[in-house]
Every structure is written in C-alpha cells, then in structure tokens.
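Since the structure comes first, as structure tokens, the remarks are kept for the end.
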Amino acid sequence: MHGGGLELTLVFLLAAVIAVPVFRRFGLGAVLGYLVAGVVLGPYGARVIRDVGPVLAASEIGVVMLLFVIGLELSPARLQVMRKPVFGAGGLQMGVCGVVLALLAMVRDLDVGSAIVVGLGLAFSSTAVGLQLLAERKTLTSAHGRLAFAILLFQDLMAIPLLAAIPLIGGAKASEGLTWTALLTAFGAIAGVIVGGRLLLRHLFRIVARTNMPEVFTASALLVVLGSAWIMQLAGLTMGLGAFLAGVLLADSEFRHELEAQIRPFEGLLLGLFFIAIGMTVNIPALLDDPFFVAVGVTLLMTAKFAILYGIGRWQGGLPSREALLLGGSLALGGEFAFVVFGDAFNAGLIDGALRAHLVAIVGVSMALTPPLYIGLTRWLAKKPDEEERPFDQITDEAPEVLIAGFGRFGQVVARLLAAQRIPFIAIEHSQEQVEFMRRFGSKLYYGDPANVELLRSAGAGSVRVFVIAIDDVESNLRTVRMIRRNYPEATVFARARNRRHAWQLMDLGAEVVRETFHSSLAMGKQVLVKLGLPPDVAAERARRFAEHDEALLRTQYLVYDDEDALIQTSQQARRELEQLFGADRGEGALRGLGAPPTDVETPSREAAMRGGDA
C-alpha cells in the first residue's frame, strides 16, 4: 500500500477489529490475533503493507507505554509484600529457563552472548495470555494463580535490564569491548532520569492538575513517557527503560491511577500495532523451507519450561502436584517481551533475520497451543468436591472493599470510620489542592476523576463491594453514580444527596441515598428541644418519629417528583400529618408550636416545591 497515513490507520484498525474478536472467541487471545493479522497484511502475506520498517519503528511506542504502566504497578511497598515469591520463584524460573534454553540455542552455532539473549528471551511467558487464561478460568486467586502472577511480575522486572543490556552486548560484539564512555553515558542517563524525575515529576503533575483540564493532563503524561524514552535512546539504551523508571518514580504518587487511566488506551492501541508489525516480519517462505525447526523448537520450548515450572512450583512454591502442573500449563508459552528482545537483538547484530523469523514463529505457535493445553489440564485435573485445600490456599484479599469518591468533610468521616475498623478502602478526589492537603496528614488518597471508568479499574474497583459517592457537586455526583451502576451493577452504592430532588435522581439510579444535612440538622433540632426544657428521652423519641415520617415522605414523593401539582399536594398533606402527629404535645408552655413542619417539608410555593428543600 502506498497511501497516506489515514489509509494505513484504517487498515490497522480494521485488522484489529476483525482479528482480535475472532481469536478471543476461540480462546486464543488478542496477541495471537494481532500477530496473524500482521502476517496477512505484511510483505510475506497479502502485501497490503510492503515496507515494515516505518511501521515497526512507530509501533515501538506501544512497548514504551506498556513498560511505563508496569512501572506504575511496581511500587516498592508492593514488591516488599511479594518479595519471596517474586524474587524466589520468579528469579529461579528466569535463571534456570534462561540457562537451559540458551544451551539449546547454541545448537544454531550462536556465540555465548547471543545464546544468552535468545535463552532469556524465550524464558519470558506471555503476561497477556497467561493472566487472561487464569482470569477466564477463575483461578487467579488459586495457589498456582498467585505464584504465576509473582513469576510474571519478576519477568516484567527482568525485561528492563535485559533490554538495556542488548545494545551494550551488541556493541561489545562489534567492537570487541565496551568503552568507558558508553558505560558512563548509560549510567548518567539512568541517574539523570531518576534524580530529575524524583525532583520534578510530582510538582509537574500538581501544577497541571490545578488547571482542571483533562486534555492537558493527558498531554503531560504522554510528554513524561516519551520524553524519558527519548533521553534513554540518546544514551544508546532502550527507550522502554526510561519509561519504566518514570513509572516506578510515580508508583507511590497520588497520580498513579489517573496516569494509568490516561495511558491505557494509547498503550492498548499502540501495543496492538506493535504485534501487527511483528507479524509482518514473519518470513513465511523461510518457515516453509524449514518447518521441522519450528516444530522442534516449539516442542523443546514448551517441554523445557513446563518441566522447570513444575519443579519450581513443587520445591520453591510448595504447591501440590495438581497445582504445580497447572502452573506449568499456564506459563509454558513464550511471551510478548520475546518479540521485543528478538527485535532489539536483530538490530544489535546478535541474530540474523532468518533466526529472528524462526524464533518469532516458535513463540507465536506456543501462544496458540497454551490455551487448549491449560484448559485441557484444568478439566483433567478437576478438583474433587471433597478435596481439602491447605490452610494457605485461602488468603485475605488485600484489594479494597470500599471506594470513596470525593474526600471532603463528608468522605473523610466515612474514611476514618473504615480505617478504625481496619477495612481496606481507596479514596479518589478530583481536586488536586485537596489531595495535596490531605496527603500531608497521611491519608492514602489518589487524584483523578471518579467518573473515569479506566481510573476505577486501575484502582481495583472490580473487587469493591461498596462505593461511597461523597462528591458535593450534583452533576459530578450523578455522573459518577451513573457510570458505576452501569459498569458495576452488583455493587452497593451509597451516595451523598444535596437535597430532596438530588436524592430522587439518585434513587432513579438505584443508589442508597444519604442526605448530607438531614441527620446533622435533626441532631441539632433535638438539642434545641432539650435546651427548651423537653426531657432528653422525649426529644430523642420525637426526633426519631420525625425522621421516620420524613423518610416515608421522601419515598412517597419520589413516585411523583416530576409532577409539580402532586408535589405541592403531598407537601401540604405531610404538614397536616405532622400537626396531627404532634398535636397532643401542643400548648406545653415554651414548647408551643414545635409540631410545625420544617421548611424541607412545608412547601409555601410552587417554586419551593420544585427545589425540594435543603435536606
């Protein structure tokens, strides 16, 4: 195709829209769909795209964004909690698989450096395919699912130093030794990104957040990702290293979830473009000339990784045989990072084009075979109903049970009550000034728009049982509740209501309503009654009866709140009912007239009826 950028974009989007749903429908995963789409479109397929170079260069930005998101998820605190399975089982898997597969790679007459790069590249397992399989089979929280996640986490960590080392290894092979200048430049660039990022990044996003312009925040996030990648590229290192470091520096910041929500859409599209570009590089004629090598390579790769993972699960992870077999079945495939590693190794002169095509094919076929392998294993090893789980198979889920949207005075009281009960929660606030102020007091608070569904997913909303919407702005409040009810219909939503009309709109959305001033006003009214001479128990009883009557009125008027005449009629009727309710108490000296209804119920005009009062 020799058309412009618009035509190329349409072709890529059409390929993604067609290929990915088809492959996911058969349980083969989106990654494989992108690869096959690339093969079909590329110079060795239908020749829709004949020059892969520009496409491949542009698509590397998707990998850069993926590494930034990984960095955001790898806060030091999280690594501290998971250090044993991550660095124990994960490190052992990467080391043993890397050595074994490197020895197998040396059959192709590779030198030691090239063989190690190929072996470590094949040691990666697909995070996208592996986690998708575990999620679809509902085994993410099982013993082998948790250990698989820890191993994948370590692999994500190892991708960074490996990608950074490839150009250095390639340079050493070409020049018979690394120069001190190259080493100093590399370490200087890394130190510059870390120090500069720690000093500047949070201040940058605080300034941008105060503008309350989402498009400026998105532009700032892209600037940080691409800017840090560009600095590393100038130093001769991989672009992804800079983006990863920027993500780690922001992992503990209040902007983490908002940044992830802003970057995710770009990451998904550009990463899909990267896999399509990788598929375009697959040399079909070369594979057909040597199909035996690909078949043997897939067999050796999956057999070796399955056996090693089984042993690690049994020895390092302490898993029973069944769980260890499932661990091997879920991670025996190659991974997305292998494509990046082989591409960088080819650019550095460590492997030739033919070997790269064979390795890409081996990894792609292993991705295709893993879903049916894992599904078959789960059916064959189906747990018996009376089989008992070991004590550590049940662990406390550290995901938040409550999400508080809005952290003003209202939300803070709810948060303090939850914290006192040691109930895990997460709070999101759209005002940067409020976030900055509350963080100085030690509150775990994140910046972002609670109505952004990607932000909520990033914050772990899938595990949330109760949403507390404490936003004071009526429109923002309703927009957030509407989005939550649409995406999380099973969760309970408690929403702060400004007034009666706001409460009725929230009730339309299926939210449990808490009127922000009603209970505090009622408490003050009770104290006034006591001050005027009423016994405390009598004042409390009358306040209770008034609250019950008003709650009943709220629900009665909810049925007719769009009818102005009906609102006026029910308000007048409510006033008469209150007079009858407290009629027996009239004429008691200073308390005479206390039975009159408050302004929230009494409606002196049609306009007031439509406003609905203050509580």
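A few remarks follow.
- Between the amide H of residue 493 and those of 467, 512, distances stay under 5 Å, these residues lying 5 or more places away or on another chain, with hydrogens modeled in the peptide plane.
- Gyration tensor verdict on region 204-269 (Cα atoms; rounded if a/c is under 1.5, prolate if a/b is larger than b/c, oblate otherwise): prolate
- Here region 183-251 exposes an accessible surface that is 75 percent carbon and sulfur, computed with a 1.4 Å probe and the other protein chains kept in place.
- Taking a ≥ b ≥ c as the square roots of the eigenvalues of the alpha carbon gyration tensor, region 419-529 is oblate, as a/c is not under 1.5 and a/b does not beat b/c.
- Available extension along the chain between residue 475 and residue 538 is 18.7 nm, counting 0.36 nm per residue and deducting the alpha carbon span.
- Computed from backbone phi, the HN-Hα couplings of region 419-425 come to 4, 5, 8, 6, 8, x, 9 Hz, rounded to whole numbers (Karplus: 6.51 cos²θ - 1.76 cosθ + 1.60, θ = phi - 60°; Gly and Pro given as x).
- Computed label-point distance, nm, for sites residue 187 and residue 58 using a 7 Å Cα→Cβ extension: 4.0 nm
- For region 105-113, the Karplus equation 6.51 cos²θ - 1.76 cosθ + 1.60, evaluated at θ = phi - 60°, returns couplings of 5, 5, 4, 7, 6, 7, 6, 4, x Hz by residue, with Gly and Pro reported as x.
- From phi via Karplus (6.51, -1.76, 1.60), per-residue ³J(HN,Hα) for region 84-96 in Hz, x at Gly/Pro: 5, x, 5, 7, x, 5, x, x, 5, 4, 5, x, 5
- Applying 1/(1 + (r/R0)^6) with R0 = 35 Å to the Cβ-Cβ distance of residue 576 and residue 419 gives a FRET efficiency near 0.15.
- Residues of region 316-337 with amide N under 18 Å of a point placed 7 Å along Cα→Cβ from residue 379: 326, 329-330
- By accessible area with a 1.4 Å probe, ligands and nucleic acids excluded, highest first: order of 36, 63: 36, 63
- Sum of side-chain charges, residue 239 neighbourhood, beta-carbon under 15 Å (Lys, Arg +1; Asp, Glu -1): -3
- Prolate/oblate/rounded call for region 248-370, Cα gyration tensor, a/c under 1.5 rounded: oblate
- Simple point charges give the picture: +1 on the Cβ of Lys and Arg, -1 on the Cβ of Asp and Glu, and for region 439-536 a dipole about the Cα centre of about 260 debye.
- Per-residue extension of 0.36 nm, minus the Cα-Cα distance of residue 465 and residue 234, leaves a gain of 78.4 nm for this segment.
- Under a 5 Å amide H cut-off, with hydrogens placed 1.01 Å from N, residue 404 pairs with 426, 427, 428, 468 among residues at least 5 apart or on other chains.
- Length gained on full extension, residue 315 to residue 195: 39.2 nm, using 0.36 nm per residue less the C-alpha separation.
- Using a Förster distance of 56 Å, the FRET efficiency for residue 204-residue 295 (Cβ separation, nearest 0.05): 0.60
- Among the protein heavy atoms, those of residue 484 account for about 0 Å² of accessible surface (1.4 Å probe, every chain in place).
- Solvent-accessible area per residue for region 202-345 (1.4 angstrom probe, square angstrom): 36 Å²
- Among the listed pairs 444/526; 84/138; 305/444, those with a Cα-Cα distance over 31 Å are 444/526; 305/444.
The values are calculated or read from the model by the stated rules, or taken from the named source; none is laboratory data. What you see is a predicted model, and the numbers here were worked out from it, not measured in a lab. Note that we place each Cβ from the backbone using ideal geometry, even for glycine, and neighbour counts take in every protein chain shown. Side chains are part of the model used for accessible areas, which takes the heavy atoms of the whole protein and leaves out ligands, DNA and RNA. Shrake-Rupley method; radii C 1.70, N 1.55, O 1.52, S 1.80 Å.
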